[in-house]
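In what follows, a structure is listed as structure tokens, so that the remarks can point back to it.
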Amino acid sequence: MVIGTKKFDDNRTYVMGILNVTPDSFSDGGRFVTMDKVIEHANQMAQEGASIIDVGGESTRPGYTMISAEEEISRVVPAIEAIKERLDIPVSIDTYKSAVAEAAICAGADMVNDIWGLQYDSKMAKTIKQYDVSVAITHNKDRATYSDFEKDVIEEMKALCKKAEAAGISKDKIVIDPGIGFVKSTEQNLLVMKNLEEFVKIGYPVLLGASRKSFIGNTLGLPVDDRLEGTLATTAVAVKTGTRFVRVHDVKENVRLINMLESIRNA
């Protein structure tokens, strides 16, 4: 698929580097709120091998406080403009609000990463279609109600994809995210990882967003800033299953892991 001007091969796993311009993100809140820090970190991630930079202006950690679209725009637009002026790299906007998505696209964003899978804002699908950008659709819902978790998650993911295509979004613009950490228990998140290949079989490029998340901390008994090895384990599963993208905080380590695993596989 193509995101922005960059072509992504079908047989590789790429790193999406996380850039949160928020004061309260669960992992790196407040670290990149000045423009100098934003530019420095974006440059660092690009040099370390990130293929996409995902800019977020509102924390979506458990129990997060929603902010207005205007405040979110004021955070993300300057960051996106600064990155696009300096780096030849696709930029994704992490938002579920169509007004934010539109402002970010006009500022240079090449992709919308919607944690609500086009369900929160009825205008989001129309905005993505209008500007003909790529979209990452995340499995998410209001309540963790499942009759058969493994089956339900796959069917619900397929339904979100059908909804996107019915709204006129081209299939080649769609990426799917299994929604690690969204309306899922630790055990259910582990089941998603165990069955990640089933998401790949749906037929769209898969984005895995597992970096430093609580299911890793709960499984290993580790705080948020000590979950690198656990994250690398999820990235290894992503490579093995043919997952196209991993969204991570620690770019260098994940890129090295992917390069090593792909070199072994392709030897």
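The values are calculated or read from the model by the stated rules, or taken from the named source; none is laboratory data. Since this is a predicted model, take the numbers as computed values, not measurements. Here the Cβ positions follow ideal geometry from the backbone for every residue, glycine too, while neighbour counts run over all protein chains shown. The protein model used for the area step is the full one, side chains on, heavy atoms only, and it has no ligands, DNA or RNA in it. Shrake-Rupley method; radii C 1.70, N 1.55, O 1.52, S 1.80 Å.
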The condition of being assigned to a loop (DSSP other than H, G, I, E, B), farther than 29 Å from residue 253 by Cβ and open to solvent by less than 20 Å² (accessible area, probe 1.4 Å) holds, among 169, 128, only for 169
Tell me the residue from 65, 22, 60, 13 that is polar (S, T, N, Q), modelled with pLDDT under 95 and under 20 Å from residue 207 (Cα atoms), please. 60
Select from region 51-92 the residues that are among the hydrophobic types (A, V, I, L, M, F, W, C) and in a helix (DSSP H, G or I) and write down the one among them that is farthest from residue 16 (Cα to Cα). 69
Within region 220-246, can you find the residues that are of a type in the set (Lys, Arg), crowded, with 17+ Cβ neighbours inside 10 Å and under 25 Å from residue 174 (Cα atoms)? 244
Residues that are polar (S, T, N, Q) and in a helix (DSSP H, G or I), drawn from region 230-267: 231, 234, 235, 241, 254, 259, 263, 266
Within the group 79, 104, 69, which residue is in contact with a Lys or Arg (Cβ under 8 Å, 6 or more places away or on another chain), touching a residue at least 24 places away in the same chain (Cβ under 8 Å) and not aromatic (Phe, Trp, Tyr)? 69
How many residues, within region 193-219, are open to solvent by less than 40 Å² (accessible area, probe 1.4 Å), out of contact with any Cys (no Cβ under 8 Å at 6 or more places or on another chain) and either hydroxyl-bearing (Ser, Thr, Tyr) or free of Cβ contacts under 8 Å to residues at least 12 places away in the same chain (or both)? 1
